[in-house]
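One structure is given below, encoded as structure tokens.
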Amino acid sequence: MYQCPACKATTIRFSRKWLSTPVVPAHCRACGAYSHAHRSSGGLGIVVGALVITAGGIAASALQAFWPLGLGITAALSFCVWHIHRIPLEALSAEQVSVARATEGMGFLAFLMAFLLNS
Ligand SMILES: [Zn+2]
């Protein structure tokens, strides 16, 4: 469980922190505040994870064994969980959530239209 950035009550579960975005924020049961875990360095985690898994795959192929790939996948997942655990939750106002929902909702609509028009 993690502390709500608004009231400091320990009410946010790991799964809610992990899946929180400005569109679908974590919601504090004590004070009702919204928050999300900002993933500014999430791209670095993906690159490191991809490199570790690729290195594990190459080592698994060279050694004709599965364990190096399993080790690489485990290391990449552990890094991902540690990264989400480490980054702080940031408070979001109800206005920020509604703006994010409107903008990203329009983004999804644009993506859907582009997909339908090009198929
Ligand atoms: Zn709270």
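The values are calculated or read from the model by the stated rules, or taken from the named source; none is laboratory data. Computed from a predicted model, the values in this text were never measured in an experiment. Because the Cβ atoms are built from the backbone with ideal geometry, glycine has one as well, and the counts that use them run over all protein chains shown. Keep in mind that these areas ignore ligands, DNA and RNA; they rest on the heavy atoms of the full protein, side chains included. Shrake-Rupley method; radii C 1.70, N 1.55, O 1.52, S 1.80 Å.
Inspection of region 7-16 finds no residue satisfying the criterion of being among the hydroxyl-bearing types (Ser, Thr, Tyr), within 20 Å of GLU95 (Cα to Cα), over 12 Å from the mean Cα position of the chain (by Cα) and not in a helix (DSSP H, G or I).
Restricting the first member to region 5-30 and to residues that are within 19 Å of VAL97 (Cα to Cα) and among the charged types (D, E, K, R), and the second to residues that are assigned to a strand (DSSP E or B) and within 16 Å of the ligand (Cβ to nearest atom), the beta-carbon pairs closer than 8 Å and six or more apart or on different chains are ARG16/ALA26; ARG16/HIS27; LYS17/TYR2; LYS17/ALA26; LYS17/ALA37; LYS17/LEU89; ARG29/THR11.
Here region 5-19 is the region considered, the condition is being more than 7 Å from the ligand (Cβ to nearest atom) and among the hydrophobic types (A, V, I, L, M, F, W, C), and the residue that is least open to solvent (accessible area, probe 1.4 Å) is ILE12. Within region 20-36, the set of residues being more than 13 Å from the ligand (Cβ to nearest atom) and surrounded by fewer than 23 Cβ atoms within 10 Å (Cβ to Cβ) comprises THR21, PRO22, VAL23, VAL24.
Exactly one residue out of LEU109, LEU117, LEU89, LEU69 is within 30 Å of PRO5 (Cα to Cα) and among the aliphatic types (A, V, I, L, M): that is LEU89. Of all residues in region 49-93, none satisfies the criterion of being part of a helix (DSSP H, G or I), among the charged types (D, E, K, R) and surrounded by 14 or more Cβ atoms within 10 Å (Cβ to Cβ).
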